Amino acid sequence: MEDIFTLISDVGLPIAGALVMGAFIFIIIKQIMEGVVDDIKTLTMFCSSLENRARTMCNEMVKIDLLVSSALELRPDIERISRAENFVEDGKLDVRRD
């Protein structure tokens, strides 16, 4: 408590008040930024999940196309099948082609 009174007597009340308010604002901004960083991490994870779903859906569409072509005894589009990318999840390549 004596340190506060010493600071006030050395620099004056307005400057000491400004220093305290600056520290308060710094703490509040730090807490807000931590919340924003957590939200960004959550959104990044969500976007990654949606990207994996889109890749899976692309492979499923190719599979359905092949099944319909086979059922109707049509020649499948080999070029489109070869352009379909492999599904990657958790850093592992899924080449099963169910």
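Bear in mind these aren't lab numbers, they're just calculated from the coordinates by the rules spelled out. Everything numeric in this text was worked out from a predicted model, so none of it was measured. Here Cβ is always computed from backbone atoms with ideal geometry, including for glycine, and neighbour counts include all displayed protein chains.
Data overview
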read-out: Residue (of Ile15, Ile29, Thr42) at the positive-pole extreme of the stretch 2-94, dipole from beta-carbon charges; value: Thr42
read-out: Over the stretch 2-94: Rg over Rh, Cα atoms, Kirkwood Rh; value: 1.58
read-out: Peptides ranked, highest mean first, by Cβ atoms within 10 Å: ranges 57-66, 70-79, 7-16; value: 57-66, 7-16, 70-79
read-out: About the Cα centre, charge dipole magnitude for the stretch 2-94 (Lys/Arg +1, Asp/Glu -1 at Cβ), debye; value: 380 debye
